[in-house]
Amino acid sequence: MNANAHWLDERRAEAANRFAALGVPHRRIEDWKYSDLKTAIGSANDEAAASWAVGALPDGVELFDLANTAAAPEWVRAHLGTLPQNALASASFAHARAGFALRVARNKAAGPLHVEFAKSGSIRVLVVLEEGASLTLCETQKTDGYSNLGLEFVVGVNAQLTHIRMAPHAAGAVQVEEYAIQIARDAVYRAHLFNAGAKLGRAEFQIALAGENSGAHLSGVSVLGGMAHADVSTHIIHAVGHTTSTQLFKHIAGGKSRAVYQGRITVEQGADKSDSRQTAKALLMGERAEADLKPELEIFADDVKCAHGAAVGDLDANSLFYLRARGIPEAEARNMLVRAFLEEAVDEIADESIRATVWQAVEDALPGAMAP
Amino acid sequence: MLEIKDLHVAVDGKEILKGLTLSIEAGQVHAIMGPNGSGKSTLSYVLAGRAGYEITSGSITYNGEDLNALKPEERAAKGVFLAMQYPVEIPGVTTLTFLKTALNAQRRARGEKEVDAMTVLKTVRKRAAALKVSEEMLKRALNVGFSGGEKKRLEILQMSLFEPKLAILDETDSGLDIDALKLVAEGVNALRGPERAMLVITHYQRLLDYIVPDRIHVLAKGRIVAEGGKELAHELEAKGYEHIVGKAA
């Protein structure tokens with residue numbers, strides 16, 4: 001590396017040290033109890049470069065290829081690798097030589113912008129929304145082998161980032177993604193996830209509501225069958241007061257699949273008038289399917305509203321009988337009830353065409369989840 | 001149309017119906033009256049084909065066919081309709097979508113042409129008005145947030161839409177005030193016809209003042225213990241179940 005890239009060397013070295021100290025997570029680490037990464041990856045590592053493709057750039061969006069860090073502009077230097085990193089985010093930051101940075105200029109409304117990830121290895125992504133900017137980022141996760149993607153989203157004052165993450169079924173893949181997201185005053189981050197599962201799939205969100213009146217709204221559905229595994233682990237930090245977070249996740253687990261949701265909320269001292277709600281529900285379609293739902297609250301402020309709920313169940317026998325007694329064949333009745341179960345979470349998506357895309361992905365994944 | 005012979009039914013290994021015999025012809029309305037725990041709901045569920053109701057002996061023949069060999073949805077397509085005592089709330093499925101899906105599933109099973117959404121809407125609207133089922137109710141999720149009376153009216157609306165050959169009304173009067181009861185009874189009476197048989201199951205005589213049956217059967221401890229014309233309801237009301245059940249034992 002030449003001297004120009006020096007700004008990055010130090011940050012990467014720190015990340016490498018952090019990863020060396022923490023190691024690859026395994027199931028004896030509480031946060032990874034339901035997703036045994038060490039066993040799943042075996043001897044694979046994330047040192048190769050996974051591939052990325054970005055669709056046509058909307059007006060007001062700037063793209064920088066991180067393969068050329070020496071020439072990085074100031075906004076990349078200012079943000080890349082600055083948000084908190086856990087073990088895997090440290091690994092992806094230390095190892096990744098591929099990736100890109102995006103910036104949406106001040107007060108520009110951009111989107112949708114399509115991003116696709118493929119192959120195996122690491123990738124680093126930085127997305128910066130300047131004050132008043134907005135972007136709809138549509139991500140498709142199509143990696144194979146073992147991939148470890150680290151993304152940082154810096155959502156500026158009064159900016160709006162809507163993030164769609166589609167993860168179609170990837171039977172043999174181990175897909176880990178860490179999102180570190182910082183949300184400034186009056187800014188809103190929305191995420192909508194679709195998971196059909198992988199050999200091991202984990203989307204990890206570390207979200208800081210760093211400015212007053214900021215919000216994070218996450219929703220998602222997982223439709224899993226066979227041996228699929230999908231883990232959504234979130235940690236939302238209400239760092240200041242008058243911040244709002246909502247989460248609504250619905251999971252269908254058939255066959256021998258496993259749906260995981262871990263949602264930790266931290267309300268820091270003095271973050272009064274914070275409002276947080278989280279709901280996670282799972283329907284088990286197979287006797288050997290498993291759902292692990294773990295909401296967690298850490299509250300250090302006095303005047304806050306925090307609500308959470310989690311429920312795992314089977315398809316309601318009364319409802320099924322009612323529909324069948326009205327002439328609706330069993331398979332169709334089951335599908336109706338499953339769609340009805342998911343609908344609330346899919347309806348969180350405001351954009352009609354994106355909603356239709358998600359429903360199509362649900363339709364494609366349902367037969368696998370409903371198969372005995 | 002319906003012939004039940006010496007029917008024994010067990011739920012969770014416990015015998016609930018213990019040799020019930022009953023037959024209903026097309027065009028007739030029969031009532032089954034009985035105290036709590038007599039097996040009334042078991043009879044309605046076993047006719048509709050609910051899982052967990054095991055026929056240990058005896059038979060149910062419907063239009064010459066062994067009813068027990070049919071799935072619930074097949075029974076519905078062949079004209080069996082159960083108006084349920086506790087209609088189920090299904091969030092996420094709008095009432096109108098449900099009605100259209102059910103109607104077309106039945107038609108498809110019978111080899112009839114499916115009807116489009118507009119036609120279903122028109123037919124439903126026409127029938128809903130008489131039952132005071134509002135447009136707004138049709139747009140809501142099925143039975144969700146409906147009052148007891150609204151749920152029962154929706155059951156009767158379904159009956160009027162599906163035009164069953166055999167309608168079983170399981171305690172359709174329970175939880176209804178007198179105005180709601182009259183409305184439901186009018187809806188049921190409008191559907192009486194020479195092609196249709198009805199089995200009205202109730203604990204109370206009150207309903208039978210409005211839906212006057214051709215014949216009344218008294219069910220107690222899993223058996224029919226008394227039978228008679230419509231006057232039997234008044235005798236029951238005046239003297240109580242104990243009188244008749246005791247006499248039969």
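The values are calculated or read from the model by the stated rules, or taken from the named source; none is laboratory data. Predicted, not measured: the structure shown is a model, and the values here were computed from it. All Cβ positions, even for glycine, are placed from backbone atoms using ideal geometry, and neighbour counts span all protein chains on display.
Laid out as a table, the results:
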{"read-out": "Members of the stretch B:101-124 that are buried (at least 16 other Cβ atoms within 10 Å of the Cβ) and charged (D, E, K, R)", "value": "B:Arg107"}
{"read-out": "Residue check, B:Val218 surrounded by 15 or more Cβ atoms within 10 Å (Cβ to Cβ) and part of a strand (DSSP E or B)", "value": "yes"}
{"read-out": "Residues of the stretch B:197-220 that turn out to be out of contact with any strand residue (DSSP E or B) (no Cβ under 7 Å at 6 or more places or on another chain) and basic (Lys, Arg), as a count", "value": "1"}
{"read-out": "Test for A:Arg339: is it under 26 Å from the mean Cα position of the chain (by Cα), among the basic types (Lys, Arg) and within 14 Å of chain B (Cβ to nearest Cβ)", "value": "yes"}
{"read-out": "Matching residues, the stretch A:262-319, being within 14 Å of another protein chain (Cβ to nearest Cβ), in a strand (DSSP E or B) and free of Cβ contacts under 8 Å to residues at least 40 places away in the same chain", "value": "A:Thr279, A:Ala311, A:Gly313"}
{"read-out": "Residues that are over 22 Å from the mean Cα position of the chain (by Cα) and over 22 Å from A:Ala184 (Cα atoms), drawn from the stretch A:230-276", "value": "A:Gly255, A:Lys256"}
{"read-out": "So B:Phe98, is it aromatic (Phe, Trp, Tyr), within 17 Å of the chain's Cα centre (by Cα), crowded, with 19+ Cβ neighbours inside 10 Å and within 11 Å of chain A (Cβ to nearest Cβ)", "value": "no"}
{"read-out": "Single match in A:Ala196, A:Ala230 (criterion: over 18 Å from A:Ala271 (Cβ atoms) and touching a Pro at 6+ places or on another chain (Cβ under 8 Å))", "value": "A:Ala196"}
{"read-out": "Residue within the stretch B:81-90 that is more than 14 Å from chain A (Cβ to nearest Cβ) and either of a type in the set (A, V, I, L, M, F, W, C) or surrounded by 15 or more Cβ atoms within 10 Å (Cβ to Cβ) (or both) present", "value": "no"}
{"read-out": "Residue, farthest from B:Val200 (Cα to Cα), within the stretch B:121-180, restricted to residues that are in a strand (DSSP E or B) and either among the hydrophobic types (A, V, I, L, M, F, W, C) or more than 13 Å from every other protein chain (Cβ to nearest Cβ) (or both)", "value": "B:Ala141"}
{"read-out": "Any helices (runs of 4 or more DSSP H) falling wholly within the stretch A:31-136 and containing at least 2 residues that are more than 30 Å from A:Ala259 (Cβ to Cβ) and not polar (S, T, N, Q)", "value": "A:74-79"}
{"read-out": "Complete set of residues in the stretch A:140-167 that are polar (S, T, N, Q) and either under 15 Å from the mean Cα position of the chain (by Cα) or part of a strand (DSSP E or B) (or both)", "value": "A:Thr140, A:Gln141, A:Thr143, A:Ser147, A:Asn148, A:Gln160, A:Thr162"}
{"read-out": "Residues within the stretch A:351-365 that are touching a residue at least 40 places away in the same chain (Cβ under 8 Å) and either of a type in the set (D, E, K, R) or surrounded by fewer than 18 Cβ atoms within 10 Å (Cβ to Cβ) (or both), tallied", "value": "3"}
{"read-out": "The stretch B:47-66 - residue that is on the phi < 0 side of the Ramachandran plot and not in a strand (DSSP E or B) and, of those, surrounded by the fewest Cβ atoms within 10 Å (Cβ to Cβ)", "value": "B:Ala51"}
{"read-out": "So A:Arg355, is it within 13 Å of chain B (Cβ to nearest Cβ), at negative phi and of a type in the set (Lys, Arg)", "value": "no"}
{"read-out": "Selection within the stretch A:34-67 - under 26 Å from A:Val232 (Cβ atoms), surrounded by fewer than 18 Cβ atoms within 10 Å (Cβ to Cβ), at pLDDT 90 or above and not basic (Lys, Arg)", "value": "A:Asp36, A:Thr39, A:Ser51, A:Ala53, A:Val54, A:Gly55"}
{"read-out": "In the stretch B:49-67, residue nearest to the other protein chains (Cβ to nearest Cβ) [restricted to those that are under 17 Å from B:Gly19 (Cβ atoms) and touching a helix residue (DSSP H, G or I) at 6+ places or on another chain (Cβ under 8 Å)]", "value": "B:Tyr53"}
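So that you can scan it fast, the table gives a plain yes or no per residue for (1) of a type in the set (A, V, I, L, M); (2) surrounded by fewer than 23 Cβ atoms within 10 Å (Cβ to Cβ); (3) under 18 Å from A:Glu47 (Cβ atoms):
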{"site": "A:Arg106", "(1), (2), (3)": "no, yes, no"}
{"site": "A:His114", "(1), (2), (3)": "no, yes, no"}
{"site": "A:Val174", "(1), (2), (3)": "yes, no, yes"}
{"site": "A:Ile181", "(1), (2), (3)": "yes, no, no"}
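Listed here are the residues, each with its yes/no results for (1) free of Cβ contacts under 8 Å to residues at least 40 places away in the same chain; (2) touching a Leu at 6+ places or on another chain (Cβ under 6 Å).
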residue	(1), (2)
A:Ala48	no, no
A:Gly60	no, no
A:Thr69	no, yes
A:Pro73	yes, no
A:Leu80	no, yes
A:Asn86	no, no
A:Ala94	no, no
